[in-house]
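Let me begin by presenting the structure, written as structure tokens, before commenting on it.
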Amino acid sequence: MISLPTSIEGITEETKKAFNAFDLQKKFEQATLAVSCSDLSSIQAIKCTDIPSACNGRDMEGAFTLDWRADPFASMSDLTLLVYDGSGNGAVPYYVHTLLLVHGGRKSGFVVEQLKLQNNGKRSDYKIELYLPPLAAKHIPAFLDHVYGKELKITTSNAPPLRYLANRFDLRDLYKSISTKFIPTDLEIGTAPMYCALADQLKDFELRDKAIKIMAERMDKLNINSVKHLRPVLMRSLVQWEKLECSSEELSEKVALWLRLRTELEQARDEALIGGNKAGDESRNASASSTRKDDDEDITDEDFYWLTHVQYMPKIAPSEALFFLKFGSQYPQVMSELGSGSLKSRCLAALSGKSAVDKLAAHLENKDVTPFEMYESLDSASKVELLEASLVGAKKMLTKKDEASKQQVVNEKDTKRSDEIMYKTNHESSSSSSPADKIMKVVVMGCGVQPANGIYIYKESGIDKKTSSSTIVYEKEAVWNQKRVTFVLYPTTSGQYYSQHKLGVRQRNSKKPQTLYNSPTVMGLSGVIPELAWEVEGDMEGIHPPPQFVGKIEQPPAKSLSKSLNSV
């Protein structure tokens, strides 16, 4: 029997409650259809006490908050995510709510599309299977917390997997926030190794290559200990990067250190596997899963070949040459190559230098005083090859020393003869009468070509067609490489308002000088000669350093000087 209110006041009060409940129920239904990110908290703040019909059988105290971590029946979960991580242990279920994943402000476009494909099933039967990399599966809880409204703290270690999940679930705001805001400011030489390793696990090739690029362009500053966990194929990509910033010998040192660190890691991993096999079944399975050895983690002949390729490592550091010979014995296919570009030839060439030969000679002379374990660990054939290379290297050093001694004698003769010519020319120019008030001269000091140092005499060389003015040059007669030459200091124009001076040498049978050194470019007249900051022309060798000082010398002519002396 239905009980009705007995008074008009009672009827009115019950009517108000009914309408209030209806109004809140309508608001709740509207919230499930369209909610922006800023409204997400409003969904979680709806109180059960305000909607009795929606909270039947529940705790009527406080707010009703959706929580994927709660009991699926108590939280009215209507969607199950089954996550597989490839471990073989089956799927991990996550009991979630379509209210947030389909209609919320952080809704998933992926889930929306999946549910459209299941529109014939009952809402309580919605299930979505996901096959994820282990690293991404590990961060599903943090990802769902973000979807359910919690604040997400992004770090270097979780940015790659969360970026992966945001892309997989089609959460565009989260993906954009990580990819365009956090990673560009966080990715640098110190964090690049971690980004590279994590992105590789997730097969995020775009992020992986960005990290490799940063490491390659600052390879000379890279701490190799931070990349010891990189797979060999990634280390190869780093060494083979087009714009690798690292000298050949320094690269050989870094690769040798990486090979040592990888060897230590493999030994520790093998010991862990052996220990797991001796333990019980349960502990053995846990150990095997945590220390599982993948085939692509071993350094193959191909990996070793490209890590030490002559194109990227033409010179081996003498300090690491013996290590490469010893370590390379594991890869006979690489070490059996012939030719000057082979790894063995490059190592032997590095060991034929003075410091290496001296070290080996000291060891062979007295093994107790100067031990050399790396040499003693070599096989007999390698020792013979090393001794032969050292003998050839010693002969080359003696030959080079003799040639340098002979060249030194020639240079000293050239310098002495050039000084004599300079003194004679300077005396003649000072003694001759000149219509000019002053005789202009230039002194060049500190350049690598010794005969080019000294005093240059002013000489007018005609009219410059561009400026319609006379071109002032300075010349110095000298002897260089046992030949009579003329060193010339002359101006050139660089653009409309700039000028530059060059110091060159002109052979006796040539009119055009060969440039040796360049001055900095200056604004102003060509008569202004920069005194400092000169540079060697192009890639010329054997003429370093450039002039350390170039400056004008002005003195009165001999006639004026004699008059002034007589007056005194």
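Summary of values
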quantity: Å² of accessible area per residue within segment 73-171, as computed with a 1.4 Å probe and no ligands counted; calculated: 48 Å²
quantity: In segment 476-556, the trypsin sites (Lys or Arg not before Pro) that fall in loop regions by DSSP, at most 12 other Cβ within 10 Å; calculated: Arg508, Lys511
quantity: Whole-Hz couplings from phi, Karplus 6.51/-1.76/1.60, listed for segment 258-267; x for Gly and Pro; calculated: 4, 5, 5, 5, 5, 4, 5, 5, 5, 5
quantity: Long-range amide H partners of His501 with built H, under 5 Å; calculated: Thr492, Ser519
quantity: Per residue accessible area in Å² of segment 328-385, where ligands, DNA and RNA are left out and the probe is 1.4 Å; calculated: 59 Å²
quantity: Segment 477-533 - percent of accessible surface contributed by carbon and sulfur, probe 1.4 Å; calculated: 50 percent
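The values are calculated or read from the model by the stated rules, or taken from the named source; none is laboratory data. Worth saying up front: this structure is predicted, and the values here are computed from it rather than measured. Note that we place each Cβ from the backbone using ideal geometry, even for glycine, and neighbour counts take in every protein chain shown. For the accessible areas, the whole protein counts, side chains as well, though only heavy atoms, and no ligand, DNA or RNA atoms are used. Shrake-Rupley method; radii C 1.70, N 1.55, O 1.52, S 1.80 Å.
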